[in-house]
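Only one structure is covered here, and it is reproduced in the block below.
The values are calculated or read from the model by the stated rules, or taken from the named source; none is laboratory data. On a predicted model such as this, the values are computed, not experimentally measured, just so you know. Here the Cβ is made from the backbone with ideal geometry for all residues, glycine too, and neighbour counts use every protein chain on show. The accessibility values were calculated without ligands, DNA or RNA, using every heavy atom of the protein model including side chains. Shrake-Rupley method; radii C 1.70, N 1.55, O 1.52, S 1.80 Å.
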Amino acid sequence: MVSRRLQPFGTTIFTEITARAQAVGAVNLAQGFPDFDGPDFVKQAAIQAIEGGQAQYARMTGIPALHEAIAGWYARRRGLTVQPGDGIVVTSGATEAIHDAVVGLCDPGDEVVLFEPFYDSYHAVIRMAGATPRAVRLHAPDWTFDPAELAAAFGPRTRLVIVNTPHNPTGRVMRADELDAIAALAIAHDVTVLADEVYEELVYDGQHVSIATRPGMADRTITVSSLGKTFSLTGWKVGWAVGAPERLVALRRAHQFVTFATATPLQWAAATALNADDATLDAIREPFLVRRAQLVDGLAALDFDVTAPEGGYFATVGFRRHGWTSDTQAVDALMALGVAAIPPSSFYLDAPGGLPWVRFAFCKRTDTIAEGLRRLGAGLGCASHPVEGANPEQAKPRPQ
Ligand code: PMP
Ligand code: GLN
């Protein structure tokens, strides 16, 4: 029944692992959604928009008020000039923007360069477009690429290169010189860069640099982000793409036939969110810093090989000292101990056998992380592991 293009993909690893976690009552440190609420002022703005009758289709590219807010936010936060109107498309999550960019730009037989491990939707949408992925490895332990391997991935059919920083699943934040190496090849081969920057406000070490701000890149880059990640509202599925109007035309053409427009009241609330002052926006990362330290320190105390991720929602950690021989075996063993994690082999075209890492999410309440660590400590024979910070938050557990 399923088309040949989609047959290889099955059910996403996030859906599969969350369903397994629910079935066995495991703590979900797998799928990247916060188990706490987004900011009240944003929720109130959505309620007001609904009560105020903002109920009909939005303008196809997004409501003007959100365009103004996005442009203002990029100018303030990223130093990026974005043109309201033709330079912005509001989408139903970053996922839709990524799809629309790939399907809008690529013809069958075209090639797309991407870095692996990669966020899983990239591969599927490349195949949906009939294009071919060319993967460049990010090498452990510091998750950097070899410039010669990157150069070898480009060829006459290259149409697009996808760059994700801060990175899912490794938490790597690309340095300006790495972005410049990618930019030089994109310029030399005259290809578009799709920059997935959904974790741009969640940087803990170093600094996020948008590749669109690098020399020669403003007109060549489509930059994608998501309200869901920045404001812990992943279920709202509001995202956007920005870029030079002549490059966004392709994405817009796909968008108008995929969703046409994104939920109107949520767009009004998104405008309120992005118009928040810098102090409010700066404060967003603080609770994530606490959670990152809690997970990283806790896993290190349990004999995992952990490097603190520089940004994002996730830590990808080594488990060699526990004796498991592959990421999927490790995930099964962890699930049996009552903790769900993601096997990164889902983020490779052809995953090397026996991957020695699993991905844990720390975008969770501190009591959730504490309970996960407690279960691991008990199950791995380190029951004396201190469970600091247990239940410091009074938030109610919420259904997944
Ligand atoms: N890109 C990356 C790197 C992600 O981790 C995610 C996860 N949600 C997305 C895109 C999708 O974002 P959205 O929920 O806004 O569709
Ligand atoms: N981005 C999230 C993650 O990596 C999941 C998104 C999804 O479930 N599609 O866990």
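A few points about this structure:
- Qualifying residue in the range 293-301 (condition: farther than 17 Å from Pro141 by Cβ, open to solvent by less than 30 Å² (accessible area, probe 1.4 Å) and either touching a Pro at 6+ places or on another chain (Cβ under 6 Å) or assigned to a loop (DSSP other than H, G, I, E, B) (or both)): no
- Considering Asp305, Asp277, Asp327, Asp282, the condition of being within 16 Å of ligand 2 (Cβ to nearest atom) and over 11 Å from Phe362 (Cα atoms) is satisfied by Asp327 alone.
- Residue in the range 213-221 that is assigned to a loop (DSSP other than H, G, I, E, B) and within 17 Å of the chain's Cα centre (by Cα) present: no
- The set of residues in the range 73-96 that are of a type outside the set (Lys, Arg), surrounded by 15 or more Cβ atoms within 10 Å (Cβ to Cβ) and more than 16 Å from ligand 1 (Cβ to nearest atom) comprises Tyr74, Leu80, Val82, Pro84, Asp86, Gly87.
- Flag: Val113 does not match the condition of being more than 14 Å from ligand 1 (Cβ to nearest atom), modelled with pLDDT of 95 or more and under 17 Å from the mean Cα position of the chain (by Cα).
- Entry remark, the range 128-155: residues being out of contact with any strand residue (DSSP E or B) (no Cβ under 7 Å at 6 or more places or on another chain) and either touching a residue at least 24 places away in the same chain (Cβ under 8 Å) or in a strand (DSSP E or B) (or both) number 11 in total.
- Yes/no for Val125 being within 16 Å of ligand 2 (Cβ to nearest atom) and either assigned to a helix (DSSP H, G or I) or modelled with pLDDT under 95 (or both): yes
- Single unsatisfied condition, Leu29 versus (1) closer than 28 Å to Arg252 by Cβ; (2) in contact with a Leu (Cβ under 8 Å, 6 or more places away or on another chain): (1)
- Restricting Ile70, Ile17 to residues that are under 18 Å from the mean Cα position of the chain (by Cα) and crowded, with 20+ Cβ neighbours inside 10 Å narrows the list to Ile17.
- Considered as a group, the residues in the range 28-47 that are away from ligand 2 (no atom under 15 Å from the Cβ) and among the hydrophobic types (A, V, I, L, M, F, W, C) include one that is surrounded by the fewest Cβ atoms within 10 Å (Cβ to Cβ), and that residue is Ile47.
- In summary, Leu6 fulfils each of the numbered conditions (1) within 16 Å of ligand 2 (Cβ to nearest atom); (2) modelled with pLDDT of 95 or more; (3) not hydroxyl-bearing (Ser, Thr, Tyr) with the single exception of condition (2).
- Residue count for the range 19-52, restricted to those that are within 13 Å of Cys363 (Cα to Cα) and within 16 Å of ligand 1 (Cβ to nearest atom): 9.
- Filtered by the rule that a residue be without any contact (Cβ under 8 Å) to a residue 60 or more places away in the chain and not in a helix (DSSP H, G or I), the range 163-190 gives Val163, Asn164, Met174, Arg175, His189, Asp190.
Okay, residues lined up against (1) open to solvent by less than 10 Å² (accessible area, probe 1.4 Å); (2) among the hydroxyl-bearing types (Ser, Thr, Tyr); (3) modelled with pLDDT of 95 or more:
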residue	(1), (2), (3)
Tyr313	yes, yes, yes
Phe319	yes, no, yes
Asp332	no, no, yes
Val339	yes, no, yes
Phe347	yes, no, yes
Pro352	no, no, no
Trp357	no, no, yes
Phe360	yes, no, yes
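- When restricted to residues that are more than 16 Å from ligand 2 (Cβ to nearest atom) and open to solvent by 50 Å² or more (accessible area, probe 1.4 Å), the range 222-248 contains 2.
- Some residue of the range 267-281 being in contact (Cβ under 8 Å) with a residue 24 or more places away in the chain, open to solvent by 20 Å² or more (accessible area, probe 1.4 Å) and touching an Asp or Glu at 6+ places or on another chain (Cβ under 8 Å): no
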